[in-house]
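Rule-based calculations on the coordinates, nothing more; no lab input. Note that the coordinates shown come from a computational prediction; the quantities given were computed from them, not determined experimentally. Here the Cβ is made from the backbone with ideal geometry for all residues, glycine too, and neighbour counts use every protein chain on show.
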Ligand code: CMP
C-alpha cells in the first residue's frame, strides 16, 4: 500500500561500503524496495537525470560527482513516501541534517550528500521511469 518515491545511494556512500546500512535504515523506516539496481552513470546520463539543475552554480560539480562511481537506484513504496523519505534523508546540507538521518551519518558535503530522494510525486514517477522499465518495478509488493 502507499505511493512511491525514487532514491539513489550516491558515489562515495557506495564506495565506502554503506549501501547495506542505508538500505537497512530505509526498510526499518517502513519502506518497501520495489525496484533496485546498481550502475555507473555516464556524464550524459547524469546531466539528463539532473536536467532541471542545468545552469546552476553547483551543476558541474554535481555531474562530475554523480558520474564518479557506482550508484544504487531504488524505487521505494510506503504511505506518504516522498515526504517521509525526505525526512529520513535529512537536509541537503549535511551541517543542517537532523540526528538519526542518513545524511547526518554519511553525507560529507552539499555535493557528496550520500543519497537522493524525489521532491514530488510527479518527479518520483519521472525519475523511476528514467531508471526502470515497467516490468522491473514490483508494484504488487
Ligand atoms: P539531490 O537531492 O540529489 O538533488 C540535487 C543535488 O545537487 C543535491 O542533492 C546536492 O547533492 C547537489 N547540490 C550541490 N550544491 C547544492 C546547492 N547549493 N543547493 C542544492 N543542491 C546542491
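For segment 77-141 and segment 1-41, what is the separation of their Cα centres, given in Å? Value for the Cα centre distance between the two parts: 8 Å. With contacts taken as Cα pairs under 8 Å at a separation of at least 6 residues, segment 3-132 carries a relative contact order of 39 percent. The Cα atoms of segment 3-132 give a gyration tensor whose axes a ≥ b ≥ c have a/c under 1.5, which makes the shape rounded. Here the extension length gained between residue 138 and residue 125 equals 3.3 nm, from 0.36 nm per residue of separation less the Cα-Cα distance. For 141, 76, 62, the sequence from fewest to most other C-beta atoms within 10 Å is 141, 62, 76. With neighbour counts taken as other beta-carbon atoms within 10 Å, the residues 110, 38, 66 rank, fewest first, as 38, 110, 66. Would segment 58-121 count as rounded, prolate or oblate if I go by the C-alpha gyration tensor, calling it rounded below 1.5 in a/c and otherwise prolate when a/b exceeds b/c, oblate otherwise? It comes out oblate by the Cα gyration axes.
Using 0.36 nm per residue of separation minus the Cα-Cα distance, give me the extension gain between residue 59 and residue 93 in nm, one decimal. Using 0.36 nm per residue and subtracting the Cα-Cα distance, I get 10.7 nm. On the basis of the beta-carbon distance and an R0 of 22 Å, residue 86 and residue 21 show a calculated FRET efficiency of 0.70. Our helix-only sum for the chain, with -39,500 (n - 2.57) per DSSP H run of n ≥ 4 divided by its residues, gives a mean residue ellipticity at 222 nm of -9500 deg cm²/dmol.
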